[in-house]
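The structure appears below as C-alpha cells.
The values are calculated or read from the model by the stated rules, or taken from the named source; none is laboratory data. Values in this document were obtained by computation on a predicted structure and should not be read as measured data. When we count neighbours, we look across all protein chains shown, and the Cβ atoms used for this are built from the backbone with ideal geometry, even at glycine. Keep in mind that these areas ignore ligands, DNA and RNA; they rest on the heavy atoms of the full protein, side chains included. Shrake-Rupley method; radii C 1.70, N 1.55, O 1.52, S 1.80 Å.
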Amino acid sequence: MIWGLGQVCKGAACLGAIGSLFAMNPLGEPQDRVQGAQTRAGATVREMAGNVGLDHPVKRVFFRAFKAEKVLEVWGADQANAKYRLIKTYPIAAMSGGLGPKRKEGDRQVPEGFYVIDRFNPKSSFHLSLGLNYPNVSDRILSDKQRPGSDIFIHGNAVSIGCLAMTDEKIEEIYLLALAARDAGQRPIHVHIFPFRMTSPNLDQAQTPALKRFWQDLKPIYDQFEKTKRVPQVKVDGQGRYSLRN
C-alpha cells in the first residue's frame, strides 16, 4: 500500500518509509520529485524511445506485468491506432503473495486482470507511484464484498505488500513515460497483470478448476495483444468473467 503526505500507513511495508524517503530542499519542503526525475532520467527515457523508433515524448503507453517471471513490460506508440512497440522490460524488485488473483484485503496478493492507471502520486511514501483501479468491475464481483482490498500501486523502493515495487531509479523512468502519455491526452492508460506468460504448459499450473477457468479467461486477451500489438478491448460479464469485446 502506498500512502502520501498526511496519510497513515496501514501495511508493514510502510514502516519507516515516511520522512526517510523525502529529500528536503533548504527551505524544509520536499523537492519536486518529478523535476528531479526529469533531471536524472529524462535523457534515458528519450534514448529509450528513440531506440525503438518512437517520438519523444512518447504519446501512448501500455504496461504488462508477469508475476512468475517478475517483469514489467512498458510498451509505447506514437498514436492511438498504431501498433505498440516494446520500450523496455523491467525486473520487478519486490512483490508479495503467489500466483492467483487478489480476493481479499490482507491476502498479500498482487491482483491479476485488466486495470487502468487512475492516480499519479508524485509524493508517495515510496518515491513515485502509479495507482491502479483495483478493485475493478470484475474484482468487485469476485472478491470479498466487504473487504476486497485497495491501494494497489506500481511504485519505487524494493519492498511491497500487494503492489509492484520497481526501485526508485526505475520508477522514475516508468513514471515519466506514463506522465508524458497522460499529458499527451491518453485516457485511459492500461495495465494488464498476468500470473505468467499465458502458454498452455503454464496454464497447467492451476491447482483448482476455478483458478484454471479464471486464467483461461485471461488468455484470449493476452493472445490478442501478442497477435496485433494493439491493446484489446475487454468486457466483464455479470459473473465477473473477462472476455474480448467484439
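For every residue, the table says whether it meets (1) touching a strand residue (DSSP E or B) at 6+ places or on another chain (Cβ under 7 Å); (2) within 21 Å of GLU69 (Cβ to Cβ); (3) not hydroxyl-bearing (Ser, Thr, Tyr).
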position: TYR134; (1), (2), (3): yes, yes, no
position: VAL137; (1), (2), (3): yes, no, yes
position: GLY162; (1), (2), (3): no, yes, yes
position: GLU172; (1), (2), (3): yes, no, yes
position: PRO188; (1), (2), (3): yes, no, yes
position: GLN216; (1), (2), (3): no, yes, yes
position: ARG230; (1), (2), (3): no, no, yes
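Taken over the stretch 191-220, the criterion of being in contact with a Ser or Thr (Cβ under 8 Å, 6 or more places away or on another chain) and either surrounded by 17 or more Cβ atoms within 10 Å (Cβ to Cβ) or in contact (Cβ under 8 Å) with a residue 40 or more places away in the chain (or both) is satisfied by ASP217 alone. The single condition among (1) more than 28 Å from ASP78 (Cα to Cα); (2) basic (Lys, Arg); (3) assigned to a loop (DSSP other than H, G, I, E, B) that ARG213 does not meet is (3). If you take the residues of the stretch 83-92 that are over 20 Å from LEU130 (Cα atoms) and in contact with a helix residue (DSSP H, G or I) (Cβ under 9 Å, 6 or more places away or on another chain), which of them is surrounded by the most Cβ atoms within 10 Å (Cβ to Cβ)? Ranking the qualifying residues of the stretch 83-92, first place goes to TYR84.
Just a yes or no: is a residue in the stretch 192-200 more than 17 Å from the chain's Cα centre (by Cα) and among the β-branched types (Val, Ile, Thr)?
Yes, some residue in the stretch 192-200 is more than 17 Å from the chain's Cα centre (by Cα) and among the β-branched types (Val, Ile, Thr).
So, LEU132, is that one out of contact with any Cys (no Cβ under 9 Å at 6 or more places or on another chain) and either open to solvent by less than 30 Å² (accessible area, probe 1.4 Å) or within 22 Å of LYS219 (Cα to Cα) (or both) or not? Taking the combined requirement at face value, the residue does not satisfy it.
Residues in the stretch 37-82 that are in contact with an Asp or Glu (Cβ under 8 Å, 6 or more places away or on another chain), assigned to a helix (DSSP H, G or I) and not aliphatic (A, V, I, L, M) were compared, and the one that is least open to solvent (accessible area, probe 1.4 Å) is THR44.
So, GLY100, is that one part of a strand (DSSP E or B), more than 23 Å from THR228 (Cα to Cα) and in contact (Cβ under 8 Å) with a residue 40 or more places away in the chain or not? Don't jump to the end; show me each part of the working.
Values: part of a strand (DSSP E or B): no; more than 23 Å from THR228 (Cα to Cα): yes; in contact (Cβ under 8 Å) with a residue 40 or more places away in the chain: yes.
No; evaluated as a whole, the condition is false for this residue.
Test GLN186 against the criterion of being more than 15 Å from the chain's Cα centre (by Cα), loosely packed, with under 13 Cβ neighbours inside 10 Å, assigned to a loop (DSSP other than H, G, I, E, B) and in contact (Cβ under 8 Å) with a residue 40 or more places away in the chain, and give yes or no. Break it down stepwise before answering.
Details: more than 15 Å from the chain's Cα centre (by Cα): yes; loosely packed, with under 13 Cβ neighbours inside 10 Å: no; assigned to a loop (DSSP other than H, G, I, E, B): yes; in contact (Cβ under 8 Å) with a residue 40 or more places away in the chain: yes.
Here the answer is no, as GLN186 does not meet what is asked.
When each of ARG197, ARG147, ARG108 is tested for being assigned to a loop (DSSP other than H, G, I, E, B), modelled with pLDDT of 95 or more and either at positive phi or of a type in the set (Asp, Glu) (or both), the lone residue that passes is ARG108.
Of the residues making up the stretch 83-97, those that are of a type in the set (Ser, Thr, Tyr) and part of a loop (DSSP other than H, G, I, E, B) are TYR84, SER96.
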